[in-house]
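The values are calculated or read from the model by the stated rules, or taken from the named source; none is laboratory data. Keep in mind that what you see is a predicted model, and the values were worked out from it rather than measured. Counting neighbours? That spans all protein chains shown, and the Cβs are built from the backbone with ideal geometry, glycine included. We work out accessible area using only protein heavy atoms, side chains counted, and drop any ligands, DNA or RNA first. Shrake-Rupley method; radii C 1.70, N 1.55, O 1.52, S 1.80 Å.
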Amino acid sequence: MRPEWQSPPGMPHIYNEHAMPVYKRRKPLINAEMRRRGIYLLPNLFTTAALFAGFYAIVQAMNTRFDQAAVAIFIAMVLDGLDGRVARLTHTQSEFGAEYDSLSDMVSFGAAPALVMYEWALKSMGRIGWIAAFVYCAGAALRLARFNTNIAVVDKRYFQGLPSPAAAALVAGFIWVVDDFKIDAVSTMRWIACVITLFAGLTMVSNVPFYSFKDINFRRSVPFWALLLLVFAVILISTHPPTVLFLMFVAYSLSGYAVWGWNWRKKRL
């Protein structure tokens, strides 16, 4: 096929065999901007899966399958931790992803634990029960709003207040343990459930510092004992997941008050 020749403006089209051919550049089939945006689908899939897990927990609580509702909240917590890491590894962070993640967290770690706990034990307490559930739900919303506005000014080594996934794990872990041991929640555990719900909700909006684990670099080489510790933790959790996970998050929720008390004591001395 003979190439097209470029003629000067206003001159007729003349064929010249010594002229340099000018080929028209074809438009790419896929726009580079569209290709870059297509990668954003990957972290948002994890966020959507976490949102689904939170919604699934609410549905299972309405069907009185509280053990499955508690497990779904833990699954949402794992997926919530993965979406941010996937976004950083694939360089697909975006404002949309950050906002979508906050809305997913509100459902999975705010509304879902409050509604599951209310259906499980707080419903029989009347006004006190739904007030406790609302305190938790409002605490999660305020915690997420404060985190989004203070993300650039706070020490990244510590969270300001109990993180909403940890608060949800504390509530869901208690439900899972009691349900696993076949204890009647309405008659014997409703007041304890109310205290745990209020504690988690109020601690989320407190100024108590909680270690964030963000200064740990998982890409560095670690000593052999660290690998052994990880294997031991997996074995320990597998022995009885409800009890071990609940105790782990009880310890974490109290660790912030221990750090706060230590800092307060150092300032007094």
The stretch 164-269, dipole about Cα centre (Lys/Arg Cβ +1, Asp/Glu Cβ -1), debye to the nearest 20
620 debye
Hey, got the dipole for the chain? About the Cα centre, +1 on K and R Cβ, -1 on D and E Cβ, debye to the nearest 20?
780 debye
Given N residues in the stretch 165-269, what is Rg(Cα) / (2.2 N^0.38 Å)?
1.31
Helix 224-239 versus the longest principal axis of the chain: what angle, 0 to 90°, nearest 10, using Cα atoms?
60 degrees
Based on DSSP loop calls and a cut-off of at most 14 other Cβ atoms within 10 Å, the longest stretch of the chain free of exposed GluC sites (Glu not before Pro) is what?
18-269
May I ask you to derive the relative contact order of the chain, considering only C-alpha pairs under 8 Å and at least 6 residues apart, and to give it as an integer percent?
17 percent
Compute the distance from the alpha-carbon center of the stretch 188-252 to that of the stretch 95-111, in whole Å.
21 Å
Residue farthest toward the positive end of the dipole of the chain, with Cβ of Lys/Arg at +1 and Asp/Glu at -1: which of Ile235, Leu42, Gln93?
Gln93
Could you list the trypsin sites (Lys or Arg not before Pro) in the stretch 125-175 that lie in coil according to DSSP, counting only those with at most 16 other Cβ atoms within 10 Å of their Cβ?
Lys156, Arg157
Highest mean first, how do 248-254, 225-231, 100-106 rank when packing is the count of other Cβ atoms within 10 Å averaged over residues?
100-106, 248-254, 225-231
What figure, in Å² to the nearest 10, do you get for the accessible area of Val153 with a 1.4 Å probe and non-protein molecules left out?
120 Å²
Would you kindly calculate the mean projected area, averaged across all directions, of the convex hull enclosing the Cα atoms of the chain, in square nanometres?
26.6 nm²
Could you tell me the calculated FRET efficiency between Ala233 and Phe213, based on Cβ-Cβ distance and R0 = 22 angstrom, to the nearest 0.05?
0.95
Per-residue [θ]222 nm for the chain (sum of -39500 (n - 2.57) over DSSP H runs n ≥ 4, rounded to 500)
-22000 deg cm²/dmol
What's the lysine pair count for the chain at a Cα cut-off below 29 Å, pairs eight or more apart or interchain?
6
Would you mind working out the accessible area per residue for the chain, using a 1.4 Å probe, and quoting it in Å²?
65 Å²
So, in nm, how far is label Tyr40 from label Ile192 when the simple model puts each one 7 Å beyond its Cα toward the Cβ?
4.7 nm
Any idea what Rg and Dmax come out to for the stretch 116-168 if you just take the C-alpha atoms, in Å?
14.1, 43
Could you tell me how far the Cα centroid of the stretch 46-70 sits from the Cα centroid of the stretch 146-187, in Å?
16 Å
